[in-house]
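Written out below as structure tokens is the structure these notes cover.
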Amino acid sequence: MAGPHDTRSTVDLGAMLHLRGQALEKGAPIALPLVSSSMYHLPGLPDGSAAYGRADNPTWEHLEHMLSHLEQAEAISFPSGMAAIAAALFATLKTGDRLLIPSDGYYVTRRLSDRFLSRLGVEIVERPTARFSEGGFEGFAVVYLETPSNPGLDMMDLAAVAADVRAAGGVTIADNTTMTPLGQRPLDLGIDIVVASDTKAMGGHSDLLMGHIASRRSDLIEAMREWRTFSGSIPGAQPAWLLHRGMETLDVRFDRMCTSAQILAERLSALQGAPKLRYPGLPGDSAYVLSQKQCLRHGFLMSLTFETEAKAEAFINTCALIRPATSFGGVHTSAERRARWGDAVPAGFVRLSVGVEPVEELWNAICDALPD
Ligand SMILES: *Cc1c(COP(=O)(O)O)cnc(C)c1O
């Protein structure tokens, strides 16, 4: 298996950029047309051609063609990451089932489960990410996971968990938002369904909300497609078009962001008096061995734990090349104190998302903003 910084990729990214171009007729636009139509020309009997905008849209279709190429699996797009996550959970769970979910993962997934799934008779069990690799999946219909966890950056062994859950008769759903398919490939490691918020690095420009699911199991794809059509959880043509455009530069942006994150993390960890740092690409980090084994890159997220809330806020708000904002994965470096949302982290804990700024400029700006 390819380890970090291995330039081999299992996806042909050049072909991804030319997917649509291969089928163009003379005079057709090279850029993807943005089609916004609820009705389609449909004389006579329905024959499977586009009929109505809740089920069909040529702009999504091209986006999904690209997503499927990237995931090497069938992919379905949604209007947000949570819409994709809801589709995966509601299409796989039924009354009486048990759902295992990380206690330290993206908090809205837990809230959705607690608020709506539990009252339909689904039992929700929480466990920290770092303890998933221990096994114990008997009796769970669905094991939902996120690795590295957001924001703590703990990891679990995807291949081992996928195999154990399958042996116990359950379905695995992995949230791959933080890594993207270029940084980690859960489906290749045996995971049944990938869900992702494409609002983050996939879109990359902080100008859209979108999400997708991908799976190589046709029964699960069929159920999630029905969920989308029947619940009406469909993406708008404009965000789908923007995501398609953003994905054309995903490889370039992701490469820059991960390379810069590694450089910054190495320098910060060597700096006297710097805040406590976690980055999976540092050999001393508790996630390093797993990251080296199962990820293609170590990602663009790191955490810095300052002694106090005030020092953390001063760093975030005075650094000229950091935008104080929630969310991550955009071209602009951004940071926030996660305790402000109630995550179980120290008050001085900052999640830093490294953007595409030139790394030396970023390093200087970070050094200028660190407390003395
Ligand atoms: C942001 C995020 C989501 C939710 O995505 P939206 O596009 O905001 O709905 C889900 N999982 C993770 C890990 C995220 O960071």
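Rule-based calculations on the coordinates, nothing more; no lab input. Everything quoted here is computed from the prediction, not taken from an experiment. Here Cβ is always computed from backbone atoms with ideal geometry, including for glycine, and neighbour counts include all displayed protein chains.
A Cα-only calculation for region 251-369 places Rg and Dmax at 13.4, 37 Å. Residues whose amide H falls under 5 Å from that of K276, counting only those 5 or more places apart or on a different chain, are T305, with hydrogens built in the peptide plane. For region 291-303, the Karplus equation 6.51 cos²θ - 1.76 cosθ + 1.60, evaluated at θ = phi - 60°, returns couplings of 4, 4, 6, 10, 10, 7, 9, 8, x, 10, 9, 9, 10 Hz by residue, with Gly and Pro reported as x.
Given q = 0.07, 0.09, 0.10 Å⁻¹, what are the Debye log10 I(q)/I(0) values for the chain, with equal point scatterers placed on the Cα positions and solvent ignored? Here log10 of I(q) over I(0) equals -0.31, -0.52, -0.64.
Per-residue Cβ neighbour counts within 10 Å put F349, F300 in the sequence F349, F300, beginning with the fewest.
Remark: region 41-58, residue by residue, has Karplus-estimated 3J(HN,Hα) of 4, 9, x, x, 7, x, 10, x, 6, 3, 10, 8, x, 7, 10, 9, 7, x Hz, where x stands for each Gly or Pro and the curve is 6.51 cos²θ - 1.76 cosθ + 1.60 at θ = phi - 60°. Relative to the longest principal axis of the Cα atoms of the chain, the long axis of helix 250-269 lies at roughly 20 degrees. In the chain, the longest principal axis of the Cα atoms and the axis of helix 359-369 are about 50 degrees apart. Ignoring lysines fewer than eight residues from K311 along the same chain, the ones with Cα atoms less than 19 angstrom from its Cα are K276.
When each of Y106, Y40 is scored by the number of other beta-carbon atoms lying within 10 Å, the sequence from fewest to most is Y40, Y106.
The packing ranking, built from the mean of other Cβ atoms within 10 Å per residue, places the peptides 278-287, 176-185, 109-118 in the order 176-185, 278-287, 109-118, highest first.
The angle separating the long axis of helix 158-167 from the principal Cα axis of greatest extent in the chain is about 50 degrees.
In the chain, the DSSP beta bridges split such that about 60 percent are antiparallel, to the nearest 5. For region 55-247, the Cα-based Rg and Dmax, in that order, read 15.5, 45 Å. Helical content alone sets the calculated 222 nm signal of the chain at -10000 deg cm²/dmol, taking -39,500 (n - 2.57) per DSSP H segment of four or more residues and averaging over every residue.
Taking only Cα atoms and a 10 Å spring cutoff, compute GNM fluctuations for the chain and point out the largest among A270, A201, A325. Result for the chain, Cα springs under 10 Å: A270 fluctuates most. In terms of surrounding Cβ atoms within a 10 Å radius of their Cβ, T318, T172, T147 rank from fewest to most as T318, T172, T147.
The aspartates and glutamates within cross-link reach of K293, meaning a Cα-to-Cα straight distance under 15 Å and a gap of 8 or more places when in the same chain, are D6, D154, D157, D188, D285.
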